[in-house]
Amino acid sequence: MIYLAPGLLLTRTLHVSWLVFVHRGVRRLLLPSLNTDDLYNEEDPSTVIDRLPPFRLGLYLLFVAISAITVLTPLEVISTRLSVQRNHSEAAGFGRVPQDEDTADLEYAGRDEDVIALRPEDNPYEGLVHCGKSILQEEGPETLLRAWWVTLLLSLIGAFS
């Protein structure tokens, strides 16, 4: 039901498509020695890293780093914003899910504090483009690059998967 939020499925699809098609395509072009099924050869005991050309490996890692910061991080931020906004499920024909149920017997630490500010219900994000434009206009471009180092680290780890 979360993917019924406008633009969220598109955002996740773009993210996965970028990793599968673009990253893998660039890796196949720059590092063709990683495309073989026989990466370990008993006759040649050198490691895979020894057989990679350093210049091409550097170019590939530079591409992964730049694309992680410029493409994947904004997609992650937009995806997070779209997924945490309140879903108007009644308008979509689904039953209303209670957002704030008060239970007298339970006590929560920090109940009156906002961990993340939710988008106002009268002005929700309408999709991927609207969310990106709203973030740029209301909070500035630095917001789209929030936690870029996490995305960079995970992209570099996953660069050879």
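Just a few scattered comments:
- Number of positions in the stretch 120-150 that are closer than 17 Å to THR70 by Cα, open to solvent by 20 Å² or more (accessible area, probe 1.4 Å) and either hydroxyl-bearing (Ser, Thr, Tyr) or assigned to a loop (DSSP other than H, G, I, E, B) (or both): 2
- Look at (1) surrounded by 13 or more Cβ atoms within 10 Å (Cβ to Cβ); (2) of a type outside the set (Ser, Thr, Tyr); (3) modelled with pLDDT of 95 or more and you find that ARG81 fails only one, number (3).
- Pairs linking a residue in the stretch 59-85 that is in a loop (DSSP other than H, G, I, E, B) to a residue that is among the small types (Gly, Ala, Ser), with Cβ atoms under 7 Å and 6 or more positions apart or on different chains, are GLN85/ALA5.
- Residue pairs whose Cβ atoms lie under 7 Å apart, separated by 6 or more positions or on different chains, with the first residue in the stretch 28-57 and within 16 Å of SER161 (Cβ to Cβ) and modelled with pLDDT of 65 or more and the second of a type in the set (D, E, K, R) and open to solvent by less than 60 Å² (accessible area, probe 1.4 Å), are LEU34/ARG27.
- GLN99 meets all of the listed conditions (1) farther than 21 Å from ARG146 by Cα; (2) at pLDDT 85 or above but one, namely (2).
- Pairs where the first residue, in the stretch 146-161, is under 9 Å from THR73 (Cβ atoms) and the second is among the hydroxyl-bearing types (Ser, Thr, Tyr) and part of a helix (DSSP H, G or I), C-beta under 7 Å, 6+ apart: TRP148/THR73; THR151/THR73
- For ILE69, the test of being under 23 Å from the mean Cα position of the chain (by Cα) and at pLDDT below 90 is failed.
The values are calculated or read from the model by the stated rules, or taken from the named source; none is laboratory data. As the structure is a prediction and not an experimental result, all values here were calculated from the model. Backbone-built Cβ (ideal geometry, glycine too); neighbour counts: all protein chains shown. For the accessible areas, the whole protein counts, side chains as well, though only heavy atoms, and no ligand, DNA or RNA atoms are used. Shrake-Rupley method; radii C 1.70, N 1.55, O 1.52, S 1.80 Å.
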